[in-house]
Amino acid sequence: MGVKPDSWIRKMAVEHKMIEPFVDHQVRHDVISYGLSSYGYDIRVTDEFKIFTNVYSAIVDPKHFNPDSFVDYKGSNCVIPPNSFVLARTVEYFRIPRNVMTICLGKSTYARCGLIVNVTPFEPEWEGYVTLEISNTTPLPARIYANEGIAQVVFLEGDDVCEVSYADRKGKYQSQKDIVLPRI
């Protein structure tokens, strides 16, 4: 198993529609960078956000998550309340091959401001828009930007294909189109 370089990512994106839309270079001018990088792909989020709020003093429970714990917001940027988080979905739609797994990691520009993107894998044969959780670990409000880089996806290609893929298991987050809340 090895990390895949930009030439492999470009080929897979173009020939197999692994990433759509695909930006075949790093966009950096006056934005937090996104697009193809040396050994990964920097993804963006759309302008739709779900901002966590605890107006109902609810307990956060992944088995019984209350959707009223979020406020829907649309805009070119989003302010995350102190010690809180938002959910957002990627601009990019992914189709992960059966012999590939990815790891999604937050960008250092945001990390240096106390904003953390959850580390998450995209399993073999998973496809869809990615729902990301972006946490504000600071005691101050913090801003994130739509349509600019938020995280990097690193691609790992296996020597063999997996026996059972995410699609085979009929994974609960397969083919998601919108921001998806926790499911069991």
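A short reminder: the numbers here are calculations on the coordinates, not readings from a lab. On a predicted model such as this, the values are computed, not experimentally measured, just so you know. A quick note on method: Cβ atoms are made from the backbone with ideal geometry, for glycine too, and the neighbour counts reach across all protein chains shown.
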Expected vector for the stretch 106-115, Karplus 3J(HN,Hα) from phi with 6.51, -1.76, 1.60 and θ = phi - 60°, integer Hz, x for Gly and Pro, equals x, 7, 5, 4, 6, 4, 5, 9, x, 9
For the chain, set up a Gaussian network in which alpha carbons nearer than 10 Å are linked by springs, and say which option among Glu15, Glu48, Glu92 fluctuates the most. Glu15
Taking the chain as the reference, fit the longest principal axis to its C-alpha atoms, fit the long axis of helix 6-16 to the helix C-alpha atoms, and give the angle between the two in degrees, 0 to 90, nearest 10. 90 degrees
Compare the Cα positions of Val100, Ser37, Tyr145 along the charge dipole of the chain (+1 at Cβ of Lys, Arg; -1 at Cβ of Asp, Glu; about the Cα centre) and return the one farthest towards the positive end. Tyr145
Spread of Cα-to-Cα distances over 10 Å intervals beginning at zero, given as percent, for the stretch 1-93: 14, 33, 25, 22, 6
Going by amide H atoms built from the backbone, whose H comes under 5 Å of the H on Gly149, apart from near neighbours? Ile32, Ser33, Tyr34
Loop-resident sites, the stretch 47-146, for chymotrypsin sites (Phe, Trp or Tyr not before Pro), counting at most 16 other Cβ within 10 Å (DSSP): Tyr56, Phe65
Can you sort Ile103, Ile150 by how many other beta carbons sit within 10 Å, fewest first? Ile103, Ile150
Rounded Å value of the spacing that divides the Cα centres of the stretch 4-22 and the stretch 27-86: 25 Å
In debye, nearest 20: dipole of the stretch 139-184 around its Cα centre with unit charges on the Cβ of K, R (+) and D, E (-)? 480 debye
Can you count the Lys pairs in the chain whose Cα atoms are under 18 Å apart, with each pair 8 or more apart or on different chains? 6
Using the Kirkwood formula on the Cα atoms of the chain, what hydrodynamic radius do you get, in angstrom to one decimal? 17.1 Å
Distant-in-sequence amide H partners of Ser84 (H built 1.01 Å from N, under 5 Å): Asn136
Quick one: order Arg28, Arg98, Arg44 by neighbouring beta-carbon count within 10 Å, fewest to most. Arg28, Arg98, Arg44
May I ask which residue of Tyr173, His16, Asn83 lies farthest towards the positive end of the charge dipole of the chain, with charges of +1 (Lys, Arg) and -1 (Asp, Glu) on Cβ and the Cα centre as origin? Asn83
What percent does the relative contact order of the chain come to when contacts are Cα pairs within less than 8 Å and at least six residues apart? 28 percent
Any idea what diffusion coefficient the stretch 82-184 gets from Stokes-Einstein, in µm²/s, Kirkwood Rh on alpha carbon pairs, 37 °C, 0.692 mPa s? 224 µm²/s
